[in-house]
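Novice: Before I ask anything, let me first share the structure, which is written out below as structure tokens.
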Number of protein chains: 4
Amino acid sequence: MASRPAATPEAEQQFYAEIERNHLAALWNVSARLMPREPTPRIQPYLWRWKTLRTLCLRSGELTPIEKAERRVLGLINPGLKDKYAATETLWAAVQLILPGENAPAHRHSAAAIRFIIEGSGAYTTVEGDKCIMDRGDMVLTPAGQWHDHGNESREPMIWMDGLDLPIVRDLDAVFVEHSDVKVQKVSKVSGGSERRFDQAGLVPAWEPPAAPASPLLNYKWAKTEAALRRLAQVDASPFDDVALEYVNPTTGGPVLPTLACWIQLVRPGVHTRAHRQTSSSVYHVFEGCGYSVINGRRFNWERGDFFVVPPWAWHEHASAVGEAILFSVHDTPVLRPLGLYREEAYGEAGGHQPVTGVFEG
Amino acid sequence: MASRPAATPEAEQQFYAEIERNHLAALWNVSARLMPREPTPRIQPYLWRWKTLRTLCLRSGELTPIEKAERRVLGLINPGLKDKYAATETLWAAVQLILPGENAPAHRHSAAAIRFIIEGSGAYTTVEGDKCIMDRGDMVLTPAGQWHDHGNESREPMIWMDGLDLPIVRDLDAVFVEHSDVKVQKVSKVSGGSERRFDQAGLVPAWEPPAAPASPLLNYKWAKTEAALRRLAQVDASPFDDVALEYVNPTTGGPVLPTLACWIQLVRPGVHTRAHRQTSSSVYHVFEGCGYSVINGRRFNWERGDFFVVPPWAWHEHASAVGEAILFSVHDTPVLRPLGLYREEAYGEAGGHQPVTGVFEG
Amino acid sequence: MASRPAATPEAEQQFYAEIERNHLAALWNVSARLMPREPTPRIQPYLWRWKTLRTLCLRSGELTPIEKAERRVLGLINPGLKDKYAATETLWAAVQLILPGENAPAHRHSAAAIRFIIEGSGAYTTVEGDKCIMDRGDMVLTPAGQWHDHGNESREPMIWMDGLDLPIVRDLDAVFVEHSDVKVQKVSKVSGGSERRFDQAGLVPAWEPPAAPASPLLNYKWAKTEAALRRLAQVDASPFDDVALEYVNPTTGGPVLPTLACWIQLVRPGVHTRAHRQTSSSVYHVFEGCGYSVINGRRFNWERGDFFVVPPWAWHEHASAVGEAILFSVHDTPVLRPLGLYREEAYGEAGGHQPVTGVFEG
Amino acid sequence: MASRPAATPEAEQQFYAEIERNHLAALWNVSARLMPREPTPRIQPYLWRWKTLRTLCLRSGELTPIEKAERRVLGLINPGLKDKYAATETLWAAVQLILPGENAPAHRHSAAAIRFIIEGSGAYTTVEGDKCIMDRGDMVLTPAGQWHDHGNESREPMIWMDGLDLPIVRDLDAVFVEHSDVKVQKVSKVSGGSERRFDQAGLVPAWEPPAAPASPLLNYKWAKTEAALRRLAQVDASPFDDVALEYVNPTTGGPVLPTLACWIQLVRPGVHTRAHRQTSSSVYHVFEGCGYSVINGRRFNWERGDFFVVPPWAWHEHASAVGEAILFSVHDTPVLRPLGLYREEAYGEAGGHQPVTGVFEG
């Protein structure tokens, strides 16, 4: 491979200009960037304070009529993803406010959503005619392609968390949205039909088709979820997540939605979990209590109502303060697993605890 | 193919003698028997009266010490299967008695079992160290290959139904049995561990491996089962089975065991279902109430505690009397489905009701 | 439970008479038989000589017109299963003769079949209009529920092996048979359509629905099968089966039929495999060469054309004579696996070889 | 909700400034963009001329030593994705040149790749020790996580197409890359081991574990692929794609890689297919012949060696010129399907043909 007489700086310059003009790129110039040894996420660990979120949320209620907004939603935008409007590369997370008497009109879309109720009681989401009553701590699904509208029949403002797969559905150019002619869906005689069909572990209607891709149980009520957490606490816990339950589709045992997994997690008083990391990304909401998480060596103190993001492949561990804490979270693991891209690792040193090199100030 | 000079009666006789001697058979002589147009089951629809069963069951307690019997079990033997000791070609069904203070020692086997509690309260089955307390109406699993022992710590006799896949496991020559050196398994600190892990619909421990072949939920308590039946009754029912729930594996949504499906079924007051038939076979136990089933045109009147068998491809329909009735049943559908042999058909005439041509007298 | 005054011999006798009269059985009297520690198959290892089979097969052609027989089939009846007409508890194996110009009329049934051509060339099986030409060594499928008729357009008698799941389908009372009004199906313009669609590894029509339960490739031609065996021999072999290929469904990679698995197996010159056993049962046909198998310590010498049975849980090992041998075999593994009943074990002693304690004399 | 006195322009301005400062976004201001009624892909239909590609490719060989480049690869960059370095949102497509005597050193990564050979013969890719010889028309896999190195032992330059899932793996922050200490992997005694194991349709080694996620067949040789195309042409074709085969994993019947599907497609002389669209995106390479595709109403004339992109949800139809044409293509359908995001639609009007409103000039 003796001499390469042609490789003068001018020749190279001309060559690179030509390949760019022809919509090509030389891999060797970009491979360090495209093919790093380990993931180098743009997204940052970040925490949003409930105090701020709640104030701005209520303020949006004063400023923006529902007729204009359709959904009065403030999305959490990761500082690393400003252009993308997303909490992580795959997840949209937001707080939604609906005031007494308001209605968010019926639509449906190829993106799938979960709602976790933070404040208030007595609103509803109607999913394909099934009216789901929403109270604090409930987790309500609006699966892809199903008509849904929301309304607040109580006398108080209602705030919930939205979790959607919208960023990945957009990346994949697969967003379809339809608006209904009917603002408020007609509801079935008996509300909570999905719960009446599916709300006992290990029992399903004998004539149900097996294995629907999205969960046919639409409303996971808090009272039952909390009881399940307390029961599990009596017998088992994970060193990395303490007492953690995954919400699942009762007809498959798999994630509630093909693109989203949801967890509820009790960190018992004084527990400090071991660190680990996954290729999945997550958004956490502090439902009860206070404590902190250490993410890639930085300490994130949190209290009731706060939200925080754990990026892919970021070491993370959780600790409650004096009392217990309860965390709700959304994960994109169902996107990664079928593609063979899910990977996890435990932090091996120092008993599983990272050295803390800083504190997040927000 | 003009003449066949060789086909004299003598030649034929000699030929058939020779093929038999050589362990062969001419299909054309047996094909009518081996390949009927439709299933021609040996097993018969049959009903066992609780009055008789209970009396004989208690009598066996007087006659047979548990030390001799190990399990004091009376199997329901289908009149068509005397040589096979089975309720249907695939299912073993029985009543088991355990007296106060008795213990049925630990063993494990490749056949899988379910227990449905008929009478008494406060006995237990320990499955791989998990002590399951058994009360009337509970359904307890002892999956294939798992150590299990039973004991009665109450002051009353305890009677339950056993349902096993033993006949098909024997037909397949796959029975393995092991006896433990330890008569009574050591139990975990907290009893009912499987319930504490899995007894909330749509919530499973976040670290559980997905999709165990046998259900990791071992005890389906009656109070919850009944509540689920009543909830389902508010919203839905099947024309063939009225308000029917299948017990399922919460990690798959599939049958509780790879070989057995279990149902609980409320026939509401005055309901008379439409007839249908399947290639699966079933054993029913009348948990509450009275009524009748019409099986292949014959009426089987039943009341609390009775057992009856529905053969494969037999038309059947159920009716409650004035009050409601609750039926528990075991089915071999999980055996048929993966083999592509499950088939079902609705009775199309006379509004779905068979003409009744006789009454079973027992 | 001090004394049991009632347990006199008379009382016991009366009790057992009464339970029998009531169609019950005391498990403790039959459990040794129903629940052995290990499988105790009725079926026996057995070998049928080709010389005898062929002679009787041709003799049946002289004696029995096809119009009478419909299928001129001699079934191999295991000496342990005389009442059942089967080679193993799950498998029917047979030789079928079709003479020049004969036709076996179209029918379809819920039992599934494979054909492996032993002698002759130029017959056909038409499966749902697709005419499959049959030559020595070909393996042709007639899946459950598909219309099929056979014909011999050559000038020579044609003999093939039939393998069916009939015994298990009968045990499960799921046999359905239909006879066509049309004796010979109309065939598509191009014969061998399934091969033209599916006969290249790793390439399927882009519009095919994925994962049909029975293989859509209907004819596995010998020339290709043999070439594949020789290619595999260059790189790999199993200590238990030497160079063995499983015929699979190209749309799933699973067995060719939901109930039957088929293998072709080259035992290279001088190879003597290690013994192992499985809960599955098998019927082997010696396609080429000679050698022997040791089954549960007895030596079965075989040569071209012979058939032999390996019962469930029977130790078995194979050896070729001076030259190579090729074995075709049918197995019921697909029945056992989904039920969780498949189990296998390697023979650990003496380098994997059983002591030989006898020779099968037939 | 009568008056909203607070909603002055100043108040609104202040509010929006505050939410931005707090890393939030008001959905109602971005929902039109985030949630369009139908996909609005950034990527454009585009075509790269082989004449240009080949010239620049060979020029890169003169300018860039392999020691510097490691892989001498020119990526096709969609004009709509300049910042992303990708052919579609999910797919990387490129041409790779390797000169006689050169070696691309061993590495492995979580992104998966296919290679389709365009020019030359006698190069190799060694995948986990299995040396795959590469000739024109061959399709070679380097699945995720498997070590691979390339080399050219011929006397001619070798050019192939690379297809990778890199853009989606990067979007998901799941790129891991490892470089080997060993530049050239040690190879097994027999090259082409994967072909020797798997290159006969419907036959797999009997001891292979079923259902590997990536195909264990690594080299799909052109001679066999072409023969399969011609055989399929005798019996079937699709109105939308004419004679199209999907390369599949022989152990599952599914796509060759968990993230990529590959097709080979014969457009017979004079055939003009009907238009349809999918949510998947594709890169096509013209292997033989010439013709054109109409994509979203614009005509793209193509000839041997050209590459073109079909964006998600773009109507497209293909036509050969006088002679036949053969297209190879890569698709991201396996990414979309498990997420429930795959959707397709046939063009209903004008006999399935779009009106042509322009011609691509490049």
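Novice: Among the residues of the stretch C:2-29, write down those that are aliphatic (A, V, I, L, M), modelled with pLDDT under 90 and in contact with a helix residue (DSSP H, G or I) (Cβ under 8 Å, 6 or more places away or on another chain).
Specialist: Let us first name the residues in the stretch C:2-29 that are aliphatic (A, V, I, L, M), namely C:2, C:6-7, C:11, C:17, C:19, C:24-27.
When the remaining residues are screened for being modelled with pLDDT under 90, the result is C:2, C:6-7.
C:Ala6, C:Ala7 - these are the residues of the stretch C:2-29 that are aliphatic (A, V, I, L, M), modelled with pLDDT under 90 and in contact with a helix residue (DSSP H, G or I) (Cβ under 8 Å, 6 or more places away or on another chain).
Novice: Output the residue which, of all residues in the stretch A:111-142 that are in contact with a helix residue (DSSP H, G or I) (Cβ under 6 Å, 6 or more places away or on another chain) and among the small types (Gly, Ala, Ser), is surrounded by the fewest Cβ atoms within 10 Å (Cβ to Cβ). Walk me through how you get there before you give the answer.
Specialist: The first filter runs over the stretch A:111-142 and keeps only residues in contact with a helix residue (DSSP H, G or I) (Cβ under 6 Å, 6 or more places away or on another chain), leaving A:111, A:130, A:137-138.
Okay, now just the ones that are also among the small types (Gly, Ala, Ser), so A:111, A:137.
Numbers: A:Ala111: 24, A:Gly137: 21.
The selected residue is A:Gly137.
Novice: Would a scan of the stretch A:137-148 turn up a residue that is more than 14 Å from chain B (Cβ to nearest Cβ) and part of a strand (DSSP E or B)?
Specialist: First, pick out the residues of the stretch A:137-148 that are more than 14 Å from chain B (Cβ to nearest Cβ): A:142, A:144-148.
Retained after the next criterion (residues that are part of a strand (DSSP E or B)): A:142, A:148.
Yes - at least one qualifying residue is present in the stretch A:137-148.
Novice: Sticking with this structure for a sec: Would you mind telling me which numbered condition in (1) more than 8 Å from chain A (Cβ to nearest Cβ); (2) over 30 Å from D:Arg277 (Cβ atoms) D:Gly80 fails?
Specialist: Among (1) more than 8 Å from chain A (Cβ to nearest Cβ); (2) over 30 Å from D:Arg277 (Cβ atoms), D:Gly80 violates only (2).
Novice: While we're looking at this one, here's another question. Within the stretch C:225-241, track down each residue that is in contact (Cβ under 8 Å) with a residue 60 or more places away in the chain and part of a loop (DSSP other than H, G, I, E, B). Talk me through it step by step, then tell me what you get.
Specialist: Narrowing the stretch C:225-241 to residues in contact (Cβ under 8 Å) with a residue 60 or more places away in the chain: C:225-226, C:229, C:239-241.
Answer for the stretch C:225-241, where residues must be in contact (Cβ under 8 Å) with a residue 60 or more places away in the chain and part of a loop (DSSP other than H, G, I, E, B): C:Pro239, C:Phe240, C:Asp241.
Novice: Of all residues in the stretch D:329-362, count the ones that are touching a residue at least 60 places away in the same chain (Cβ under 8 Å), closer than 25 Å to D:Ala94 by Cβ and part of a helix (DSSP H, G or I).
Specialist: Qualifying residue count, the stretch D:329-362: 3.
Novice: Return the residues of the stretch A:225-266 that are at the interface with another protein chain (Cβ under 7 Å from one of its Cβ atoms), surrounded by fewer than 19 Cβ atoms within 10 Å (Cβ to Cβ) and among the charged types (D, E, K, R); say none if nothing qualifies.
Specialist: If the condition is that a residue be at the interface with another protein chain (Cβ under 7 Å from one of its Cβ atoms), surrounded by fewer than 19 Cβ atoms within 10 Å (Cβ to Cβ) and among the charged types (D, E, K, R), then A:Asp236 is the only one that fits.
Novice: Continuing with this model, one more query. Go through (1) touching a Leu at 6+ places or on another chain (Cβ under 6 Å); (2) within 7 Å of chain C (Cβ to nearest Cβ); (3) not β-branched (Val, Ile, Thr) for D:Asp165 and report which single condition fails.
Specialist: Status for D:Asp165: all satisfied but (2).
Novice: Does D:Tyr292 count as in contact with an Asp or Glu (Cβ under 9 Å, 6 or more places away or on another chain), under 30 Å from D:Asn219 (Cα atoms), at pLDDT 95 or above and not basic (Lys, Arg)?
Specialist: Values: in contact with an Asp or Glu (Cβ under 9 Å, 6 or more places away or on another chain): no; under 30 Å from D:Asn219 (Cα atoms): yes; at pLDDT 95 or above: yes; not basic (Lys, Arg): yes.
Taking the combined requirement at face value, the residue does not satisfy it.
Novice: OK, next. Six or more apart or on different chains, Cβ atoms under 9 Å: show the pairs whose first residue is in the stretch D:251-262 and over 16 Å from D:Ser282 (Cα atoms) and touching a residue at least 12 places away in the same chain (Cβ under 8 Å) and whose second is aromatic (Phe, Trp, Tyr) and not in a loop (DSSP other than H, G, I, E, B).
Specialist: As it stands, the answer is D:Thr251/D:Phe198, since those pairs meet every condition given.
Novice: Would you say D:Gly340 is open to solvent by 10 Å² or more (accessible area, probe 1.4 Å), of a type outside the set (S, T, N, Q) and within 30 Å of A:Leu260 (Cβ to Cβ)?
Specialist: yes
Novice: A follow-up question, please. Which of (1) modelled with pLDDT of 90 or more; (2) over 25 Å from the mean Cα position of the chain (by Cα) is the odd one out, the single condition D:Glu208 does not satisfy?
Specialist: The single condition D:Glu208 does not satisfy is (1).
Novice: Output the residues belonging to the stretch B:149-193 that are assigned to a loop (DSSP other than H, G, I, E, B), open to solvent by 10 Å² or more (accessible area, probe 1.4 Å) and in contact (Cβ under 8 Å) with a residue 60 or more places away in the chain. Walk me through it before giving the result.
Specialist: Taking the stretch B:149-193 and keeping what is assigned to a loop (DSSP other than H, G, I, E, B), we get B:153-157, B:165, B:172-176, B:180-192.
Filter again for open to solvent by 10 Å² or more (accessible area, probe 1.4 Å), leaving B:153-157, B:173, B:176, B:180-191.
Matches in the stretch B:149-193: B:Pro157, B:Phe176, B:Ser180, B:Val182, B:Lys183, B:Val184, B:Gln185, B:Val187, B:Ser191.
Novice: Also, I was wondering about something else. Can you find even one residue in the stretch D:202-209 that is of a type in the set (Phe, Trp, Tyr), more than 18 Å from D:His316 (Cα to Cα) and within 7 Å of chain C (Cβ to nearest Cβ)?
Specialist: Filtering the stretch D:202-209 for residues of a type in the set (Phe, Trp, Tyr) gives D:207.
Still in the list and also more than 18 Å from D:His316 (Cα to Cα): D:207.
Filter once more, so that each one left must be within 7 Å of chain C (Cβ to nearest Cβ): D:207.
Looking for residues that are of a type in the set (Phe, Trp, Tyr), more than 18 Å from D:His316 (Cα to Cα) and within 7 Å of chain C (Cβ to nearest Cβ), one finds at least one in the stretch D:202-209, hence yes.
Novice: Let me ask something additional. Being aromatic (Phe, Trp, Tyr), assigned to a strand (DSSP E or B), open to solvent by 10 Å² or more (accessible area, probe 1.4 Å) and in contact (Cβ under 8 Å) with a residue 60 or more places away in the chain is the requirement here; does A:Trp313 meet it? Full working, then the answer.
Specialist: Values: aromatic (Phe, Trp, Tyr): yes; assigned to a strand (DSSP E or B): no; open to solvent by 10 Å² or more (accessible area, probe 1.4 Å): yes; in contact (Cβ under 8 Å) with a residue 60 or more places away in the chain: yes.
Taking the combined requirement at face value, the residue does not satisfy it.
Novice: Also, quick follow-up: Here is a check on your reading of the model: is D:Ser293 open to solvent by less than 10 Å² (accessible area, probe 1.4 Å), part of a strand (DSSP E or B) and without any contact (Cβ under 8 Å) to a residue 40 or more places away in the chain? Give the derivation first.
Specialist: Working: open to solvent by less than 10 Å² (accessible area, probe 1.4 Å): yes; part of a strand (DSSP E or B): yes; without any contact (Cβ under 8 Å) to a residue 40 or more places away in the chain: yes.
Yes; evaluated as a whole, the condition is true for this residue.
Novice: Considering only residues that are of a type in the set (S, T, N, Q) and in a strand (DSSP E or B), look in the stretch A:252-287 and name the one that is nearest to A:Phe328 (Cα to Cα).
Specialist: Going through the stretch A:252-287, the residues of a type in the set (S, T, N, Q) turn out to be A:252, A:259, A:265, A:273, A:278-282.
With in a strand (DSSP E or B) added as a condition, the list becomes A:265, A:278, A:282.
Details: A:Gln265: 6, A:Gln278: 18, A:Ser282: 10 Å.
The extreme case among them is A:Gln265.
Novice: State whether one or more residues within the stretch C:43-55 are at the interface with another protein chain (Cβ under 8 Å from one of its Cβ atoms), of a type in the set (Phe, Trp, Tyr) and within 30 Å of C:Gly358 (Cα to Cα).
Specialist: Yes, the stretch C:43-55 contains at least one residue that is at the interface with another protein chain (Cβ under 8 Å from one of its Cβ atoms), of a type in the set (Phe, Trp, Tyr) and within 30 Å of C:Gly358 (Cα to Cα).
Novice: Okay, moving on. So, of the residues in the stretch B:194-224 that are open to solvent by 40 Å² or more (accessible area, probe 1.4 Å), in a loop (DSSP other than H, G, I, E, B) and not aliphatic (A, V, I, L, M), which turns out to be farthest from A:Ala223 (Cα to Cα)?
Specialist: Narrowing the stretch B:194-224 to residues open to solvent by 40 Å² or more (accessible area, probe 1.4 Å): B:196-197, B:207-211, B:213, B:221, B:223-224.
Right, trim to in a loop (DSSP other than H, G, I, E, B) and you get B:207-211, B:213, B:221.
Next, from what is left, pick out any that are not aliphatic (A, V, I, L, M): B:207-210, B:213, B:221.
Values: B:Trp207: 22, B:Glu208: 23, B:Pro209: 26, B:Pro210: 25, B:Pro213: 30, B:Lys221: 19 Å.
Only one residue tops the list, namely B:Pro213.
Novice: Any residue at all in the stretch A:308-319 that is touching a Pro at 6+ places or on another chain (Cβ under 6 Å), modelled with pLDDT of 95 or more and at positive phi?
Specialist: yes
Novice: Now a separate question. Does A:Asn22 satisfy the criteria of being of a type in the set (S, T, N, Q) and within 30 Å of D:Val73 (Cβ to Cβ)?
Specialist: yes
Novice: Can you name every residue in the stretch B:266-285 that is within 18 Å of the chain's Cα centre (by Cα) and more than 25 Å from B:Ala111 (Cβ to Cβ)? Give the derivation first.
Specialist: First, the residues of the stretch B:266-285 that are within 18 Å of the chain's Cα centre (by Cα): B:266, B:277-285.
Selection gives B:Leu266, B:Arg277.
Novice: Taking only the stretch C:267-318 into account, find how many residues are more than 14 Å from chain B (Cβ to nearest Cβ), within 24 Å of C:Ala228 (Cβ to Cβ) and polar (S, T, N, Q).
Specialist: Residues that pass the stated criteria total 2.
Novice: Working only within the stretch D:319-341, note down all residues that are within 20 Å of D:Val267 (Cα to Cα) and within 14 Å of chain A (Cβ to nearest Cβ).
Specialist: From the stretch D:319-341, those within 20 Å of D:Val267 (Cα to Cα) are D:319-331; that's our starting set.
Result: D:His331, single match.
Novice: Which ones in the stretch B:6-54 are within 22 Å of B:Leu341 (Cα to Cα), of a type outside the set (A, V, I, L, M, F, W, C) and touching a residue at least 24 places away in the same chain (Cβ under 8 Å)?
Specialist: Selection gives B:Glu38, B:Pro39, B:Pro41, B:Arg42, B:Gln44, B:Pro45.
Novice: Could you please tell me which pairs satisfy a Cβ distance under 9 Å, a separation of 6+ or placement on different chains, a first residue in the stretch C:195-210 that is farther than 10 Å from D:Gly253 by Cα, and a second residue that is modelled with pLDDT under 85?
Specialist: Hits for this filter: C:Arg196/C:Val190; C:Arg197/C:Glu208; C:Phe198/C:Glu208.
Novice: Identify, by number, the condition in (1) open to solvent by 10 Å² or more (accessible area, probe 1.4 Å); (2) assigned to a loop (DSSP other than H, G, I, E, B); (3) not hydrophobic (A, V, I, L, M, F, W, C) that D:Gly305 doesn't meet.
Specialist: (1)
Novice: Provide a single number: the residues in the stretch B:122-136 that are under 22 Å from the mean Cα position of the chain (by Cα) and either assigned to a strand (DSSP E or B) or polar (S, T, N, Q) (or both).
Specialist: Going residue by residue through the stretch B:122-136, those that are under 22 Å from the mean Cα position of the chain (by Cα) are B:123-127, B:132-136.
Add one more test, that the residue is either assigned to a strand (DSSP E or B) or polar (S, T, N, Q) (or both), and what stays is B:123-127, B:132-135.
The number of residues fulfilling the criteria is 9.
The values are calculated or read from the model by the stated rules, or taken from the named source; none is laboratory data. These numbers were taken from a predicted model, which means no experiment stands behind them. Counting neighbours? That spans all protein chains shown, and the Cβs are built from the backbone with ideal geometry, glycine included. When the accessible area is computed, the model is the full protein with side chains, heavy atoms only, and any ligands, DNA or RNA have been set aside. Shrake-Rupley method; radii C 1.70, N 1.55, O 1.52, S 1.80 Å.
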